[in-house]
Amino acid sequence: MRSDFRDSAPPAFRCADLAKIYRTGETEVHALRGVDLVIPAGEILVLLGPSGSGKSTLLNILGGLDRPTSGNLFYRDLDLAAMDDAELTRFRRANVGFIFQFYNLIPSLTAEENVRLVTDIAEKPMGAADALALVGLANRRNHYPAQLSGGEQQRVAVARAIAKQPGVLLCDEPTGALDSSTGVQVLETLAEANRTLGSTVVIITHNVGIAAMAHRVFHFLDGRIARVEVNEAPIDPAEISW
């Protein structure tokens, strides 16, 4: 069923000749150099590459946190490269969930209250309690971040991201601060969001083993996509060799 969905759905993102140049005085840093990319809807994708290869720059541009210097970028039929700041804010709010290496939870709020920060502003959210149940934390909803393990805090961050039922989840090193067992738990919650909600999941990681759970793997080098691997048989996160 999931395969049929992916085959019939239009791409989530389409990039053509996408470039990003950062300028400081007379110095130019070419973070992206003519990236051509199609991200199918409903898939899990992993971006691999050394630091400074352009992965995070691309993720920020896909999520509407940054703008390309040149090139074309579409989310479904939305022209992101042509949007102004207010339009990009609406795009993020309606379509994108972000998950980062650090959890960014509010210490004075419970797990459920942290998730409700998103459900209060999202267009069609699920209930905060339902989002926590989806990541296996229904019994921890009234706990504060200090009462949760690192893996549990990251799963609250995942619940917060998926509570808006986004079309895409953008994850920058989501397991980077975790040990192998808690990292696998977080990856399982991302895979569950992909299966249950149909969200397209894009994961930046330095952990090559995580690529085995992806439908596609994009290898970055010097601001370009060096190669793309298509994985016909993604494995369950529990089977990943950490």
Does any residue in the stretch 186-199 that is buried (at least 21 other Cβ atoms within 10 Å of the Cβ) come within less than 7 Å, Cβ to Cβ, of a residue that is assigned to a helix (DSSP H, G or I) and charged (D, E, K, R) six or more places away or on a different chain, and which pairs are these? V186/R155; T189/R155
Among L58, L73, which is the only one that is under 21 Å from H206 (Cα atoms), at pLDDT 95 or above and surrounded by 20 or more Cβ atoms within 10 Å (Cβ to Cβ)? L58
Among the residues of the stretch 77-118, write down those that are part of a loop (DSSP other than H, G, I, E, B), surrounded by 15 or more Cβ atoms within 10 Å (Cβ to Cβ) and touching a residue at least 60 places away in the same chain (Cβ under 8 Å). Q101
Test result for I106, touching an Asp or Glu at 6+ places or on another chain (Cβ under 8 Å), under 21 Å from R155 (Cα atoms) and at pLDDT 95 or above: yes
Take the conditions closer than 19 Å to V201 by Cβ, outside any loop (DSSP other than H, G, I, E, B) and among the acidic types (D, E) and apply them to E152. Does it pass? no
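Residues are listed down the side, and each one gets a yes or a no for (1) in a loop (DSSP other than H, G, I, E, B); (2) in contact with a strand residue (DSSP E or B) (Cβ under 6 Å, 6 or more places away or on another chain); (3) small (G, A, S):
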position: V156; (1), (2), (3): no, no, no
position: P174; (1), (2), (3): yes, yes, no
position: L178; (1), (2), (3): yes, no, no
position: E192; (1), (2), (3): no, no, no
position: T196; (1), (2), (3): no, no, no
position: G209; (1), (2), (3): no, no, yes
position: F218; (1), (2), (3): no, yes, no
Examine the stretch 34-51 for a residue that is in a helix (DSSP H, G or I) and buried (at least 18 other Cβ atoms within 10 Å of the Cβ), and state whether such a residue exists. no
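The values are calculated or read from the model by the stated rules, or taken from the named source; none is laboratory data. In this text, all values refer to a predicted model and were calculated from it rather than measured experimentally. Please note: Cβ atoms are built from the backbone with ideal geometry, for glycine as well, and neighbour counts cover all protein chains shown.
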